[in-house]
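**Q** Quick one: the structure is below, questions incoming.
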Amino acid sequence: MRKVLMGNHAASVAVGLARADVVSAYPITPQTQVIELLDELQTTGKWKGTFIRVESEHSAMAACLGAATAGARTFTASSSQGLAYMHEMLHWVAGARLPVVMVDINRALGAPWILWTDQTDSLSQRDTGWMQFYCSSNQEILDSVLMAYRVAEATLLPAMVVYDGFTLSHTYEPVDVPEQKLVDKFLPPLKYEYALDPKKAQAISSLALPKPFMRMRAKMDADMHRALDVFEEAANEFEKIFGRRYRVIEPYQCDDAETLLVTSGAVASTAQAAIDELRKEGHKAGNLKMRAFRPFPAAALRKTLKPAQKVAVVDRNYSQGHHGIFCEEMKSALYSLDERPEIYGFIAGLGGGDITIELLKEIWHETHEGRADKTNPVWMEDAR
Amino acid sequence: MSSTKEKPKKPVKTSIPMEEGLRSGHLACQGCGAMLAMRYAQKGLGRKTVFVTPACCWTILAGPAPKLSIETSLLQCPFATAAATASGVKAGLVSRGDTETQVVVWAGDGGTYDIGIQALSGAADRNEDIIYVCYDNEAYMNTGIQRSGGTPMKAWTMTTQGGSQRPKKDLDKIMEAHSIPYQATCTPGFPEDMVKKFQKVRGIKGFRFIRVLSPCPPGWKHDSGDTVALSKLAVETGAFPLYEIEDGKFKLTKKVSKRKPINEYLKKQRRFRGLKDKDIEEMQQGIDAAWVEFEKRS
């Protein structure tokens, strides 16, 4: 059924459809509507799970840890400072191999206080062992939460679905809300084979010695790589049931493009509009949208990008003293190729500044016409 | 070989259950009060129990993976999270249809008084259906004796080498302010009292809090043979009153009609060796004043 939903509500509806057993969360702007709607769904009996209204984000993820250990399907949602506060627990949950799913609604990190979107909060969690999937529309938010459960439960890796604060979280769009029985087909009840069994005396997450620890991490890495294939299988199944197809990277007009934008999140849909205009103006322009950040889709990138192309990575995030984070990752993924495209980094829209069609076209021209800096990122601001 | 003619022995009636929840080969120091505490807690709680343990001595005492020194499941969790993790375990078990298993936090004083107090307060405030046990050895003993909020006034630790300058935080009062269904104190020197309380909490729903005073030979600097004696002296001197608060009603479970002088408790512990007569006198006055209140309330 098609409904007009705000991004945050698309996430809550997906959690209800996934029949999550335990939700634990703490409010933060711009995440609040996610948990408010879950409260409403619970109060009206439309969602049968338990909602633990914890006193902090750190405890929110701790409660997910406990519930997931007991074999429950779990969920939480946060943003910015809240996600940063959760950081310790993100590592722990991943190390414990629990298929927890959460959404992060991108919001820049203070100081100073800042409310609007940028991706530094989620990308700062790069090394926690969580999968990360970035969304460009409210439909994608709903679908990505369902996909995230499926991939997380098949790999025993936690998954974070990420979308832009306000730009998506508070924007209403028509969303196709799938029927419950179709979702049940895609997402059968969780059977976590390592679930805590009080009848057996189990020691969980006890002190490990260096050798087993190293092997556990190697196994985790292997599963993270395997997640790319699992994602493909899940996407095939998703397409069969729901008719929509998702890929780890989504090229738009890339085949014959001379210069490409690389974007993620809501900016990716603005970028498609910019590419349409550039094409109309006679330019061979394309856009590559990054959906998966972890696992990093290096093989897909190597296959899609051509050595003769110029690539402009637009990062709404920044690693101080170095680069935009997608740009960094992109360079490292392509470095081992004998022939590789030129990669240029642009920083734009930090703290929620607009990334407009005009700005994206300017970035494309700067790159295409050789004015961009190949070594250092260029900071771009829409002057309009 | 036993003769078939032999009469079957009458089962011995013990004041505490015979069944042991501890396995041999644990990693505790000699004379560890926290090990005795676990032993008696298990006798009261029985097997339908899952422990949730944050960073504390019991992170080690439970044994390195894949070993376990108790007969009950134990989930390790990060330092600040015990009460929140346990809330999740309970919700997860209930969602799978298990409403019987008791989820029990087993945490030290650092993980309770200090870094874990936010999660503890949150879980108590939500009246989560869990049992929270703080085995209180009055400092960060697992990391090598640093001061915690549970460290008594004037006590030596590695971070209060001139003696702690602040009184022990009154955690029980903080917990009482949360209006929880049950809270109690106990110590392994009084095993019947302790086991009884742990048996009793199984039958109560909602958030239950038990603080167990656990002497620690390396941290308190006492002879490892004195653990039980100190546990008893703490009660007999009135330094550690045994009580319970059920639905707001305070009751002393051990009335100490004639309290021993506090110095009998202090002098066996070298962490208090820097105390002057004046300090001991002040401590004695503090205990006497507190007991006027305890007796009034009971």
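**Q** Round to the nearest 0.05 the FRET efficiency obtained for B:Asn263 and A:Glu88 when R0 = 45 Å and r is the Cβ-Cβ distance.
**A** On the way: r = 44 Å, r/R0 = 0.97.
The formula returns an efficiency of 0.55 here.
**Q** Something else now. Along the charge dipole of the protein assembly as shown, Cβ charges K/R +1 and D/E -1, which of B:Pro217, A:Trp379, B:Val94 sits furthest on the positive end?
**A** Positive-end residue among those listed: B:Pro217.
**Q** Next question, about the same structure. Which ³J(HN,Hα) values in Hz, rounded to whole numbers, follow from the phi angles of segment B:154-162 under the Karplus curve 6.51 cos²θ - 1.76 cosθ + 1.60, where θ = phi - 60° and Gly and Pro get x?
**A** Here the 3J(HN,Hα) series is 6, 6, 6, 9, 5, 10, 9, 5, x Hz.
**Q** Which of A:Asp121, A:Asp21, A:Asp373 ends up with the largest GNM mean-square fluctuation for chain A, with Cα atoms connected below 10 Å?
**A** A:Asp373
**Q** Identify all lysines with a Cα-Cα distance to B:Lys9 below 28 Å; exclude those on the same chain that are fewer than 8 residues away in sequence.
**A** Counting by Cα, and skipping residues close in sequence, B:Lys9 has these lysines nearby: B:Lys43, B:Lys196.
**Q** Moving on. Using a Gaussian network model of chain B whose springs link C-alpha atoms within less than 10 Å, name the residue from B:Gly97, B:Gly46, B:Gly33 with the highest mean-square fluctuation.
**A** Looking only at B:Gly97, B:Gly46, B:Gly33, the largest GNM fluctuation is found for B:Gly97.
**Q** Farthest toward the dipole's positive end in segment B:33-297, which of B:Ala37, B:Trp58, B:Tyr243, given Cβ charges of +1 (Lys, Arg) and -1 (Asp, Glu) about the Cα centre?
**A** B:Ala37
**Q** Taking every pair of alpha-carbon atoms in segment A:235-287, what share in percent sits in each 5 Å bin, from 0 to the bin with the longest distance?
**A** Each 5 Å bin holds this share of Cα pairs: 5, 20, 24, 18, 15, 11, 6, 2.
**Q** If you put +1 on each Lys and Arg Cβ and -1 on each Asp and Glu Cβ, how big is the dipole of segment B:118-161 around its Cα centre, in Debye rounded to 20? All intermediate terms of the calculation are to be shown ahead of the outcome.
**A** On the way: 3 positive and 5 negative charges, 59 e Å.
Computed about the Cα centre, the dipole is about 280 debye.
**Q** Computed over the Cα atoms of chain A, what is the ratio Rg over Rh, Rh following Kirkwood? Present the calculation step by step, with values, prior to reporting the outcome.
**A** Working: Rg = 20.5 Å, Rh = 21.2 Å.
Across chain A, the Cα-based Rg/Rh ratio is 0.97.
**Q** Shifting gears a bit: With a sphere of radius 9 Å drawn around the Cβ of A:Asp354, what net charge do the other residues whose Cβ falls strictly inside it have (Lys, Arg +1; Asp, Glu -1)? Could you put the intermediate results ahead of the total?
**A** Values: positive: A:Arg384; negative: A:Asp382.
So the surrounding residues net to 0.
**Q** To the nearest µm²/s, what D does Stokes-Einstein give for the protein assembly as shown at 20 °C and 1.002 mPa s, using the Kirkwood radius over alpha carbon pairs as Rh?
**A** Here the translational diffusion coefficient equals 78 µm²/s.
**Q** Report for the protein assembly as shown the percent antiparallel among DSSP-assigned beta bridges with both residues inside it, nearest 5.
**A** Numbers: 21 of 85 bridges.
Of all bridge pairs located within the protein assembly as shown, approximately 25 percent are antiparallel.
**Q** Cross-link list B:Lys154/B:Lys251; B:Lys168/B:Lys197; B:Lys200/B:Lys254; A:Lys185/A:Lys303; B:Lys48/B:Lys168: which exceed 22 angstrom alpha carbon to alpha carbon? Don't jump to the answer; show the numbers that get you there.
**A** On the way: B:Lys154/B:Lys251 29 Å; B:Lys168/B:Lys197 24 Å; B:Lys200/B:Lys254 16 Å; A:Lys185/A:Lys303 33 Å; B:Lys48/B:Lys168 34 Å.
The pairs that break the limit, which is 22 Å between Cα atoms, are B:Lys154/B:Lys251; B:Lys168/B:Lys197; A:Lys185/A:Lys303; B:Lys48/B:Lys168.
**Q** Which one, A:Gly286, A:Leu156, A:Thr128, projects farthest toward the positive side of the charge dipole computed for chain A from Cβ point charges (K/R +1, D/E -1)?
**A** A:Leu156
**Q** Given a cut-off of under 8 Å on Cα pairs at least six residues apart, what relative contact order in percent is computed for segment A:251-380? It would help to have the intermediate numbers written out before the result.
**A** Numbers: 224 pairs, mean separation 35.7, N = 130.
Once normalised by length, the contact order is 27 percent.
**Q** Multiplying the sequence separation of A:Thr32 and A:Asp382 by 0.36 nm and subtracting their Cα-Cα distance, what value in nm do you get?
**A** Stretched fully, the A:Thr32-A:Asp382 segment lengthens by 123.0 nm.
**Q** Can I ask one more? Report, to one decimal in Å, the Kirkwood hydrodynamic radius for segment B:33-297 based on all distinct Cα pairs.
**A** Averaging 1/r across every pair of different Cα atoms and inverting gives 18.6 Å.
**Q** With N denoting the number of residues in segment A:251-380, provide Rg(C-alpha) divided by 2.2 N^0.38 Å, to two decimal places.
**A** Compactness ratio reported: 0.95.
**Q** Ignoring everything except DSSP H segments at least 4 long, calculate the 222 nm mean residue ellipticity for chain A; use -39,500 (n - 2.57) per segment, divide by total residues, nearest 500.
**A** On the way: 13 runs with 156 residues, N = 384.
That comes out to -12500 deg cm²/dmol.
**Q** Let me ask another. For segment A:58-137 and segment A:340-366, what is the separation of their C-alpha centers, rounded to whole Å?
**A** 27 Å
**Q** Taking θ as phi - 60°, what are the ³J(HN,Hα) couplings along segment B:62-77 by the Karplus curve (6.51, -1.76, 1.60), each to the nearest whole Hz, with x for Gly and Pro?
**A** 3J(HN,Hα) across segment B:62-77, in whole Hz: 5, x, x, 4, x, 8, 8, 8, 10, 8, 10, 5, 9, 9, 8, 9.
**Q** Scanning chain A for helices, which whole DSSP H stretches are 24 Å or more long along the axis (Cα) and average 0.0 or more by Kyte-Doolittle? Mind showing how you got there, number by number?
**A** Details: long enough: A:138-155 (25 Å, 0.17); A:210-242 (45 Å, -0.58).
For chain A, where a helix must reach 24 Å along its axis and average at least 0.0, the hits are A:138-155.
**Q** Okay, moving on. With a cut-off of 8 Å between alpha carbons and a minimum separation of six or more residues, what is the relative contact order of segment B:33-297 in percent? List each step's numbers first, then the result.
**A** Details: 504 pairs, mean separation 46.3, N = 265.
Averaging sequence separation for qualifying contacts and normalising by length gives 17 percent for segment B:33-297.
**Q** A further question follows. If you look at just the Cα atoms of segment B:242-298, how large are its Rg and its Dmax in Å?
**A** Here Rg and the maximum Cα pair distance are 13.9, 41 Å.
**Q** Okay, next question. For segment B:256-261, take each phi angle, set θ = phi - 60°, evaluate the Karplus expression 6.51 cos²θ - 1.76 cosθ + 1.60, and give the result in whole Hz per residue in order, putting x for glycine and proline.
**A** In residue order, the calculated couplings are 9, 6, 10, 6, 6, x Hz.
**Q** Another one. Rounding to the nearest 20 debye, state how big the charge dipole of the protein assembly as shown is about its Cα centre with +1 on each Lys and Arg Cβ and -1 on each Asp and Glu Cβ. Write out the running numbers ahead of the final one.
**A** Details: 87 positive and 81 negative charges, 781 e Å.
Once rounded to the nearest 20, the dipole reads 3760 debye.
**Q** State, in angstrom, two size descriptors of segment B:141-298 derived from its alpha carbons: Rg to one decimal place and Dmax to the nearest whole number.
**A** In Å, with Rg to one decimal and Dmax whole: 15.8, 46.
**Q** Continuing with this model, one more query. Can you pull the percent of Cα pairs in segment B:4-59 with separation above 17 Å? Walk me through the numbers before you get to the answer.
**A** Values: 814 of 1540 pairs.
Percent of Cα pairs beyond 17 Å in segment B:4-59: 53.
**Q** Looking at chain B, send over the antiparallel percent of its DSSP beta bridges, to the nearest 5.
**A** Values: 10 of 33 bridges.
If we restrict to bridges inside chain B, about 30 percent are antiparallel.
**Q** Within segment B:59-76, find all residues whose amide N lies under 15 Å from a label point positioned 7 Å from the Cα of A:Ala208 along Cα-to-beta-carbon.
**A** B:64-67, B:76
**Q** Which of B:Arg96, B:Arg166, B:Arg273 moves the most in a Gaussian network model of chain B with Cα springs under 10 Å?
**A** With Cα springs under 10 Å in chain B, the top fluctuation among B:Arg96, B:Arg166, B:Arg273 is at B:Arg96.
**Q** Here is a further query. What FRET efficiency do you get for B:Ile16 and A:Lys200 if R0 is 35 Å and r is their Cβ-Cβ distance, rounded to the nearest 0.05?
**A** Numbers: r = 25 Å, r/R0 = 0.73.
Step by step, r from the Cβ atoms, then E = 0.85.
**Q** Semi-axes of segment B:133-199's equivalent ellipsoid from the Cα gyration tensor, sqrt of 5 times each eigenvalue, largest first, rounded to whole Å?
**A** On the way: eigenvalues 136, 49, 18 Å².
Over the Cα atoms of segment B:133-199, the ellipsoid semi-axes are 26, 16, 9 Å.
**Q** Moving on to the next point. Tell me what chain B gives for mean residue ellipticity at 222 nm when only DSSP H runs of n ≥ 4 count, each as -39,500 (n - 2.57), the sum divided by the residue total, rounded to 500 deg cm²/dmol. Let's see the in-between values first.
**A** Values: 10 runs with 99 residues, N = 298.
Helix-only estimate at 222 nm: -9500 deg cm²/dmol.
**Q** So what is the relative contact order of chain A, in percent, for Cα pairs below 8 Å that sit 6 or more residues apart? Intermediate values should be presented prior to the final figure.
**A** Details: 789 pairs, mean separation 60.4, N = 384.
So the answer I get is 16 percent.
**Q** Next up: Restricting things to alpha carbons, find the Rg to Rh ratio for segment A:124-233 using the Kirkwood radius for Rh. Don't skip to the answer; put the middle values down first.
**A** Working: Rg = 17.3 Å, Rh = 16.6 Å.
In segment A:124-233, Rg relative to Rh is 1.05.
**Q** Ok, one more. Would you mind counting up the charge near B:Thr185? Only other residues with Cβ under 10 Å from its Cβ, with Lys and Arg at +1 and Asp and Glu at -1. Walk me through the intermediate numbers first.
**A** On the way: positive: B:Lys197, B:Arg211, B:Lys254; negative: B:Asp136, B:Asp172, B:Asp193, B:Glu244.
Around B:Thr185, the surrounding residues sum to -1.
Bear in mind that the values in this text are calculations on the coordinates, not laboratory data. What you see is a predicted model; the values in this text were computed from it and never measured. Here Cβ is always computed from backbone atoms with ideal geometry, including for glycine, and neighbour counts include all displayed protein chains.
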